[in-house]
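These notes concern the structure reproduced below.
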């Protein structure tokens, strides 16, 4: 079995690989320039290799219609009042029409699926991600993107309880928070919710499966 499945049908779910986090020129909730550059390149390389073996890619892009949609979350209201919080710009993050809602150049290719109705950490909440995966016969999600300790964590947990096999791509996720936040999230995920593996290892496992088939 691969990732607990007799017949694995994987797809990449790329979370918030957009300019709102990864382009220092426009980001409202920026990762450090070093993290942004490394994460963008790591995802680009992984996506290219995945497409070569026909793994579909679903890009999840946070897009808020207006400030009211953001303010509905009471915890985010509090964070926006803390000048030291990494999420202090929550009330203006990825408002529809802003450059932050654009996927980083080089990551999206024709044939990819883009879901731009994400408004909460959990990519399944209020979007058509679940029906998109199921109608494409997907039973395993390979999760990449940002932030490890919020959207990646919440989405991996949500996928797990929906009985998908979940794999977090270790070198293709990161955070605008601290390394300790990143490491703690991966520890929680690997303990109870998901496989945590490097992109190279994942592709090796899938290639071996294809050869055996």
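The values are calculated or read from the model by the stated rules, or taken from the named source; none is laboratory data. Computed from a prediction, not measured in an experiment: that's the story for all the values here. Cβ atoms come from the backbone with ideal geometry, glycine included; neighbour counts cover every protein chain shown.
Scanning the range 43-63 for residues that are more than 17 Å from residue 118 (Cβ to Cβ), touching a residue at least 24 places away in the same chain (Cβ under 8 Å) and either out of contact with any helix residue (DSSP H, G or I) (no Cβ under 7 Å at 6 or more places or on another chain) or assigned to a strand (DSSP E or B) (or both) yields 44, 45, 47, 50, 51, 55, 56. In this structure, residue 39 does not qualify as without any contact (Cβ under 8 Å) to a residue 40 or more places away in the chain and either part of a helix (DSSP H, G or I) or in contact with a strand residue (DSSP E or B) (Cβ under 7 Å, 6 or more places away or on another chain) (or both). Does residue 53 fit the bill of being at pLDDT below 95 and on the phi < 0 side of the Ramachandran plot? So residue 53 fits the description; yes.
Check whether at least one residue in the range 178-185 is touching a helix residue (DSSP H, G or I) at 6+ places or on another chain (Cβ under 8 Å), within 24 Å of residue 44 (Cβ to Cβ) and either outside any helix (DSSP H, G or I) or in contact (Cβ under 8 Å) with a residue 40 or more places away in the chain (or both), and report yes or no. No, every residue in the range 178-185 fails to be touching a helix residue (DSSP H, G or I) at 6+ places or on another chain (Cβ under 8 Å), within 24 Å of residue 44 (Cβ to Cβ) and either outside any helix (DSSP H, G or I) or in contact (Cβ under 8 Å) with a residue 40 or more places away in the chain (or both). Count of the range 64-122 residues, restricted to those that are touching a helix residue (DSSP H, G or I) at 6+ places or on another chain (Cβ under 9 Å) and assigned to a loop (DSSP other than H, G, I, E, B), is 22.
Would you say residue 137 is in contact (Cβ under 8 Å) with a residue 60 or more places away in the chain, over 16 Å from residue 42 (Cβ atoms) and surrounded by fewer than 18 Cβ atoms within 10 Å (Cβ to Cβ)? For residue 137, the condition - in contact (Cβ under 8 Å) with a residue 60 or more places away in the chain, over 16 Å from residue 42 (Cβ atoms) and surrounded by fewer than 18 Cβ atoms within 10 Å (Cβ to Cβ) - is met.
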